[in-house]
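Worksheet for the structure shown next.
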Amino acid sequence: MDGRAFLSHRVATPNGIRPGAVLVRDGKIGGFVPASEIPANIAVHDFGESSILPGLVDSHVHINDPGRTEWEGFETATRAAASGGCTTLVDMPLNCLPATTTVAALAAKRKAAHQRCWVDWLAWGGLANDNASANQDEIEALAAAGVAGFKCFLIYPGIEGFTMVTEPELRAALPHVARTGLPLLVHAELPGPVDQATQHLRDADWSRYSTYLQSRPEEAELTAIRLLLSLCREYKFRLHIVHLSASAALVELRAARAEGLPVSVETCPHYLHFCAEEIPDGATLCKCAPPIRSRDNREKLWQGLKDGIIDLVATDHSPCPPAMKRLEEGNFSTAWGGISSLSIALPVMWTEASRRGFTLSDLARWMCEEPARLAGCNARKGRIAEGYDADLVIFEPEAEFVVTEERLYYRYPISPYLGEKLRGVVRATYLRGQLVFSSGEFSGEATGHEVRP
Ligand SMILES: [Zn+2]
């Protein structure tokens, strides 16, 4: 018998933090029992005061593979994930080539991922103007082929190869999306307010963070979210707002929830950690869209999590070659927007959450259970419960470390978090019962595979 017991004083179960043993057999969780009820003759790993969490599910990752592996790739992204306690990634359909807007592109992605993943993964399909207005059959075909849902942009995505969609295109596509029953993830900024603000900033100093912040006003998010909520009411599709930054939208999102609209909301570690007041001029590593806003806004996002208006936290891990960050010129206009944090999202979140009185159970809800639900893998992933995949993280909540390049593990170790002292260390990560990362070392083989929703 190959059963094992993972014992700890602090296990993040769906019923809260409890002492006990997670039973593991054949890669699955066999149950959660008090220490006194561990069956005889099975191996016991006693992790003592270290806590055991479900493996994180990161529902917003840009792996950029195939096609832009000089930016990231399945191997580096999944290693970074394993090192950060994340055992399931959901890959965004853009920045890779081809973009995942057709069944053929999904097949190319599967080929690229084959035997190169250290954790499990799923794919989002893309909704862009090639399949929104013309080849709409691809929407249902992608759903049948196994994407977890769809992603679209209401504003220029910052890259060629994936287009934004307009309201008429959305209207043409939404009946198809609704029929699949899958969520539509939307980058919710409208171009109007951004274009208008940017016009007035033509001669401004773009090495200043405040210039960039002014160029992406809250209004762009607010108007986009209003449009999406009205379309959600009309077409009854599952709407998911990715990377919410503007806390001003929380009032309307709360009302939409109360009305019973099927809407969910995500934010990212960088919006919950950084604030505009502290971003130095020229610090293009902090550029992302929508932008990191004020300290006051950050605290309101935390309140949104507390109130349950924001359901989950995903990284929006969005790497690029260092040259694209224009670090020398420090120009916020030309630098690539994106922040990578796959390997450190858990300690970033724990550092911020613990000082605001949240618990590891809250983290497990925001970073495991809810993203798994969004991606439709919540019957297998995101919980320490019988029958679930034995994806487990051994986490030392009281330990601290300083973020260094060696701990990042993704393709290029650039990060706005470098040099920061964070709370919580990932000691080990298990994927379906197998140790994949422990104390700075990867072990075993790349046995991660695609999870079909
Ligand atoms: Zn993204």
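Each value in this text was obtained by applying a stated rule to the coordinates, not by laboratory testing. All values reported here derive from a predicted model rather than from experimental measurement. FYI the Cβ positions are ideal-geometry reconstructions off the backbone, even for glycines, and counts take in every protein chain you see.
Here region 214-347 is treated with +1 on each Lys and Arg Cβ and -1 on each Asp and Glu Cβ, and its dipole about the Cα centre works out to around 320 debye.
Projection of the Cα convex hull of region 368-453, averaged over all directions and equal to a quarter of that hull's surface, yields 6.9 nm². Counting Lys and Arg as +1 and Asp and Glu as -1, what is the net charge of the other residues whose Cβ lies under 14 Å from the Cβ of SER207? With Lys, Arg at +1 and Asp, Glu at -1, the neighbours total -1. Anisotropy class assigned to region 159-244 is prolate, per the alpha carbon gyration tensor with a/c at or over the 1.5 cut-off and a/b larger than b/c.
Over the residues of the chain, the helix contribution to mean residue ellipticity at 222 nm works out to -8000 deg cm²/dmol, using -39500 (n - 2.57) for each DSSP H run of at least 4. Scaled against the 2.2 N^0.38 Å expected of a compact globular protein of N residues, the Cα radius of gyration of region 1-108 reads 1.44. Considering only beta bridges that DSSP places wholly inside the chain, some 50 percent are antiparallel.
Shape summary: the chain maps onto an equivalent ellipsoid whose semi-axes, from the alpha-carbon gyration tensor, are 34, 25, 21 Å in decreasing order. Net charge dipole, the chain: roughly 740 debye, given to the nearest 20, about the Cα centre with Cβ charges of +1 for Lys and Arg and -1 for Asp and Glu.
Only the Cβ atoms of Lys and Arg (+1) and of Asp and Glu (-1) were treated as charged; on that basis the dipole of region 314-453 about its Cα centre amounts to roughly 280 debye. Among the GluC sites (Glu not before Pro) in region 19-92, those located in a DSSP loop and surrounded by at most 15 other Cβ atoms within 10 Å of their own Cβ are GLU49, GLU70.
Once divided by 2.2 N^0.38 Å, the Cα radius of gyration of region 1-63 becomes 1.24. So for region 1-160: antiparallel DSSP bridges make up what percent, rounded to the nearest 5? If I count the DSSP bridges inside region 1-160, around 45 percent turn out antiparallel.
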